[in-house]
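For reference, the structure discussed in these notes is given below.
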Ligand SMILES: Cc1ncc(COP(=O)(O)O)c(C=O)c1O
């Protein structure tokens, strides 16, 4: 009894002291941040009791039963990798900071030889590519941002619209708010590319004097997220000419290779256009991901390539490599192993690689068939006009209040910019979704 009351006395004094110290602490000045623009919505969806609810927010491919499936090629690669783990005494040790050597060799070849149809050969043979395995596409962009802001430039142009995480990544990694600009590449009224605006804006705003710091520009390689609208090859050539003339630093985000045409090689057209342009004096940066096109989302498998000019000095590659390592070490130390072994298995076995190409084609065919079915119900031409839109998402061009009605009245969840993930639509919910989209379009 005595012991208990003294404990009580002690604990109440302790609590009082603690409360006072929290009031005086800087911790009390931390305000809540807004929820993540995409992943935050899934939390609302999970708490929605409506049995008819549909989550069309996240870019994850689902089959007609609403399941996240693994591609047959990837399943086979997994079983080979698992077998090797057992038979060859492979272990779960750390990968090197730059990732697995085998993965790097195979992915480098897949991108800078196969995907660009040999146009990268000079860079490979002159050893001008810094290649690292990264923590998926996000990790590649974050490492690029840290590297660029430390050594070359802390100003960047992002597309208006873009994947919301782009702004977040650059803000968190050395680019201040005042140095993040938006280029108007898209006409919301017509749903088409606004090429003149885009080029004029860059020509009028990017400083060209020799003493000015070069400015970076982020480009979506294909399947622009969220609009699904990409420039034509001819438009890209004009854009790349302008960016090159302005000595800008291109950062290419290639998260959807294969999801535009169904052909992984065709979809690397922007890389080919950049290589045809010649050297990029401050480097060309490619942030690539296997999340969508191999379905390795949670395994976090991607890469960063930095192409430096062919006449750059002999030590440059090692110097860049040595600077990337402490950056990576300070953030995630080294990339995850298992998923990269699976991707490496797919890429290093010709039969599996062909099967993977086919799997990507099947996924894109199903995405297109959903567009067709929605078109049958709604008769909205941008659903099936390839020039106006393609890829994993449909950009409804709904405003925020229309998106809110879909969420509150129908429990259909889109991102706030009006983007919906097509593969969340299937035979059992398409009529419900079509009706809701139609109703909201009339409001
Ligand atoms: C435009 C864009 N870039 C990059 C990524 C990076 O994805 P991850 O980090 O999953 O590879 C995504 C994913 O949704 C994306 O949409």
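The values are calculated or read from the model by the stated rules, or taken from the named source; none is laboratory data. Keep in mind it's a predicted model, so treat the numbers as computed, not measured. A quick note on method: Cβ atoms are made from the backbone with ideal geometry, for glycine too, and the neighbour counts reach across all protein chains shown.
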Determine, yes or no, whether residue 439 is outside any helix (DSSP H, G or I) and either without any contact (Cβ under 8 Å) to a residue 40 or more places away in the chain or more than 18 Å from residue 295 (Cα to Cα) (or both).
no
Of those in segment 247-260 that are crowded, with 19+ Cβ neighbours inside 10 Å and more than 16 Å from the ligand (Cβ to nearest atom), the residue nearest to residue 112 (Cα to Cα) is 249
Only residues in segment 302-324 that are without any contact (Cβ under 8 Å) to a residue 12 or more places away in the chain count as the first member; pair them with residues that are surrounded by fewer than 13 Cβ atoms within 10 Å (Cβ to Cβ) and in a helix (DSSP H, G or I), Cβ under 8 angstrom, at least 6 apart or cross-chain, and list the lot.
none
Select from segment 129-145 the residues that are away from the ligand (no atom under 11 Å from the Cβ) and buried (at least 21 other Cβ atoms within 10 Å of the Cβ) and write down the one among them that is farthest from residue 100 (Cα to Cα).
145
Read through the list (1) under 27 Å from the mean Cα position of the chain (by Cα); (2) outside any loop (DSSP other than H, G, I, E, B); (3) surrounded by 13 or more Cβ atoms within 10 Å (Cβ to Cβ), then give the number of the only condition that residue 85 fails.
(1)
So which residues in segment 254-275 are in contact with a helix residue (DSSP H, G or I) (Cβ under 8 Å, 6 or more places away or on another chain), within 25 Å of residue 383 (Cβ to Cβ) and either in a loop (DSSP other than H, G, I, E, B) or free of Cβ contacts under 8 Å to residues at least 12 places away in the same chain (or both)?
255, 256, 257, 258, 259, 260, 261, 262, 263, 264
Looking at segment 210-238, which of its residues are over 27 Å from residue 364 (Cα atoms) and away from the ligand (no atom under 16 Å from the Cβ)?
210, 211, 212, 213, 214, 215, 238
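So which of 167, 152 ends up being modelled with pLDDT of 95 or more and within 28 Å of residue 382 (Cβ to Cβ)? Even if it seems obvious, please write down each step before you answer.
On the way: 152 fails: within 28 Å of residue 382 (Cβ to Cβ).
Of the residues listed, the single one that is modelled with pLDDT of 95 or more and within 28 Å of residue 382 (Cβ to Cβ) is 167.
Give me the helices (runs of 4 or more DSSP H) completely within segment 286-392, filtered to those with at least 2 residues that are within 16 Å of the ligand (Cβ to nearest atom) and over 17 Å from residue 258 (Cα atoms), ordered by residue number.
Details: elements: 316-331, 338-348, 350-378.
Those helices (runs of 4 or more DSSP H) span 316-331, 338-348.
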Can you name the number of the only condition in (1) more than 11 Å from the ligand (Cβ to nearest atom); (2) part of a loop (DSSP other than H, G, I, E, B); (3) within 18 Å of the chain's Cα centre (by Cα) that residue 280 fails?
(3)
Can you tell me which of 189, 172 is loosely packed, with under 13 Cβ neighbours inside 10 Å and within 16 Å of the ligand (Cβ to nearest atom)?
172
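Looking at the structure I just gave you, is residue 181 modelled with pLDDT of 95 or more, more than 14 Å from the ligand (Cβ to nearest atom), more than 18 Å from residue 418 (Cβ to Cβ) and out of contact with any strand residue (DSSP E or B) (no Cβ under 7 Å at 6 or more places or on another chain)? Don't jump to the end; show me each part of the working.
Values: modelled with pLDDT of 95 or more: yes; more than 14 Å from the ligand (Cβ to nearest atom): yes; more than 18 Å from residue 418 (Cβ to Cβ): yes; out of contact with any strand residue (DSSP E or B) (no Cβ under 7 Å at 6 or more places or on another chain): no.
No, not satisfied.
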Inspect segment 365-382 for any residue being in contact (Cβ under 8 Å) with a residue 60 or more places away in the chain and within 20 Å of the chain's Cα centre (by Cα) and give the result as yes or no.
yes
Using the structure shown, decide if residue 161 is crowded, with 19+ Cβ neighbours inside 10 Å, within 16 Å of the ligand (Cβ to nearest atom), touching a residue at least 60 places away in the same chain (Cβ under 8 Å) and more than 20 Å from residue 303 (Cα to Cα).
yes
